[in-house]
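First the structure, in the form of structure tokens, and then the observations on it.
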Amino acid sequence: MVDLVIPEDFCHNEKPVGKTSHGDGTNFHWIWGKGNSEGAAFSNEDVKAAYEARGEEQVPLGIHGTTVAVDWDSCIAAGSCMSVCPVQTFQWYRTEQDIPAKDVIGKVFAGTGKTEQNERLDLTDKSQPIREHDCTICMACQEICPTGAIRIEQANLEWHEKAAGTFVKMTGSGNPHAHD
């Protein structure tokens, strides 16, 4: 197994830089951090060539998702995560909206993008956790990602909710006690 590139506590002391919404009007995923130009995508010659072919500048993109976190700076569009996911948590974002990755912040995606490993448009595409809310925490995507760009952590739901202002702290009895 490859080492994970996303720190365990990546969302604990940060505020999201934006979000991408699901067209269902209820679900969304946060985008965390300013990104990392040291990620695997920046050193991968095929990915760099794909950006050049599109005439797009490759820029740091951050971590997309919270309980299903994908470091878009380390995602090389291998699609391994899609081949093993039992609930189609991921989609190739460009197959729904063919826009530069830096422009997805604030966009609404219907979840109609392609979900098969080799259906990406090109190597500038990214694995978008569009159905993060459906993840079963099976960990298969985290285990198979060749660059360690995925971290699955159900406990991060608290941080997703804190950022959204919807977190309710539970008491020992399981009843809502106080807002954090």
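Please work out how much length the chain gains when fully extended from CYS138 to ARG54, using 0.36 nm per residue of separation minus the C-alpha to C-alpha distance, in nm with one decimal. Kindly include the intermediate steps, with their values, before the conclusion.
Values: separation 84, 0.36 × 84 = 30.24 nm, distance 3.52 nm.
My answer for the length gained is 26.7 nm.
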For the chain, built as a Gaussian network whose Cα springs stay under 10 Å, the top-fluctuating residue of ALA149, ALA140, ALA40
ALA140
Okay, helix-only estimate at 222 nm for the chain: each DSSP H run of n ≥ 4 adds -39500 (n - 2.57), divide by all residues, round to 500 deg cm²/dmol; what do you get?
-4000 deg cm²/dmol
Using r as the Cβ-Cβ distance of ASP46 and LYS107, and R0 as 25 Å, what FRET efficiency do you calculate, to the nearest 0.05?
0.45
How much FRET efficiency would the formula 1/(1 + (r/R0)^6) give for ALA164 and ILE99, where r is the Cβ-Cβ distance and R0 is 25 Å, rounded to 0.05?
0.55
What is the helix-to-structure angle for 45-54, meaning the angle in degrees between its Cα long axis and the longest Cα principal axis of the chain, kept from 0 to 90 and rounded to the nearest 10?
80
Förster-model FRET efficiency, 22 Å R0, ASN27 and ASP3, C-beta, rounded to 0.05
0.15
Would you kindly derive the ³J(HN,Hα) couplings of the range 97-106 from the backbone phi angles with the Karplus curve 6.51 cos²θ - 1.76 cosθ + 1.60 (θ = phi - 60°), listing them in order in whole Hz, with x for Gly and Pro?
10, 7, 10, x, 4, 5, 9, 7, 4, x
Just going by the charge dipole of the chain, with Lys and Arg at +1 and Asp and Glu at -1 on Cβ, which of TYR93, ALA149, VAL2 is farthest out on the positive end?
TYR93
If you put +1 on each Lys and Arg Cβ and -1 on each Asp and Glu Cβ, how big is the dipole of the chain around its Cα centre, in Debye rounded to 20?
420
Rounded Å value of the spacing that divides the Cα centres of the range 98-161 and the range 71-96:
5
The simple spin-label model distance between SER83 and ASN118, using points 7 Å out along Cα→Cβ, in nm, is 1.0
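Would you please classify the overall shape of the chain from the alpha carbon gyration tensor, given that a ≥ b ≥ c denote the square roots of the eigenvalues, rounded means a/c under 1.5, and beyond that prolate means a/b larger than b/c while oblate covers the rest? List each step's numbers first, then the result.
On the way: a/c = 1.72, a/b = 1.69, b/c = 1.02.
Taking the square roots of the gyration eigenvalues as a ≥ b ≥ c, the chain is prolate.
Here, each number is a calculation from the coordinates, and none is a lab measurement. All values derive from a computational prediction rather than experimental measurement. All Cβ positions, even for glycine, are placed from backbone atoms using ideal geometry, and neighbour counts span all protein chains on display.
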